[in-house]
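First up is the structure itself, then whatever we jot down about it.
The values are calculated or read from the model by the stated rules, or taken from the named source; none is laboratory data. Given the structure is predicted, the values throughout are model-derived calculations rather than measurements. Cβ coordinates were reconstructed from backbone atoms using ideal geometry, including for glycine residues, and neighbour counts include every protein chain displayed. Just so you know, the surface numbers come from the protein's heavy atoms only, side chains and all, with ligands and any DNA or RNA stripped out. Shrake-Rupley method; radii C 1.70, N 1.55, O 1.52, S 1.80 Å.
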Amino acid sequence: VKQYRRQADATATHLVRPLPVLCRTVAHLWTILDRPCTWLQAYNFLLDRTRAVRQDLQLQHDPTNCPYLRTSIDLYQQIARFHVLAGWRTPHAVGAGSEAEVRALAREAPFDAALNRHHLNNCLITLLDLYGRVRRGPSPDPTPLAHEAE
């Protein structure tokens, strides 16, 4: 599963995973939640990998392709739900366990609620843009997706 990396060169299209691979990747990512690890470990791993998925979606943006738009909507909806869950669950998960466990988790991978909200907001803004594009119908508009050029 590909890690997120800032793209200095958007021409590296050979590294961009196609939509079917992204769908399988996201389905696999949710299985991480069933593995024996702490919630914060799973959150930080999933945050990084879903960010890489969003980056790949942005790089292969095709506003003339209706199946692309619908698949992108499905993936963004799943990722947005993850951020909603994280915003609710993480404060509860951090408070669980002994005081020493909570301190160890905070040192290992602290949860940043503002960063989680930022990613959720980006997903929601992009979803609104995608919904509008589907409603208007495919067009040759090359405008990139809203708020995803991070």
Exercise. If a residue has to be modelled with pLDDT under 90 and closer than 14 Å to Asn116 by Cα to count, how many in segment 43-70 make the cut?
Worked result: 0
For this session: Show the residue pairs that are 6+ apart or on different chains and have beta-carbon atoms under 9 Å apart, the first residue being within segment 114-131 and more than 15 Å from Arg81 (Cα to Cα), the second being in a helix (DSSP H, G or I) and basic (Lys, Arg).
Result: Leu130/Arg70
Seminar exercise, completed: Pairs returned, first residue in segment 37-62 that is closer than 30 Å to Arg133 by Cβ, second residue that is at pLDDT below 90 and of a type in the set (Phe, Trp, Tyr), beta-carbon separation under 6 angstrom, 6 or more apart or interchain, are Asp48/Tyr4; Arg51/Tyr4; Ala52/Tyr4; Asp62/Tyr68
Exercise. Looking only at residues in segment 7-26 that are open to solvent by less than 60 Å² (accessible area, probe 1.4 Å), in a helix (DSSP H, G or I) and not β-branched (Val, Ile, Thr), which one is modelled with the lowest pLDDT?
Worked result: Leu19
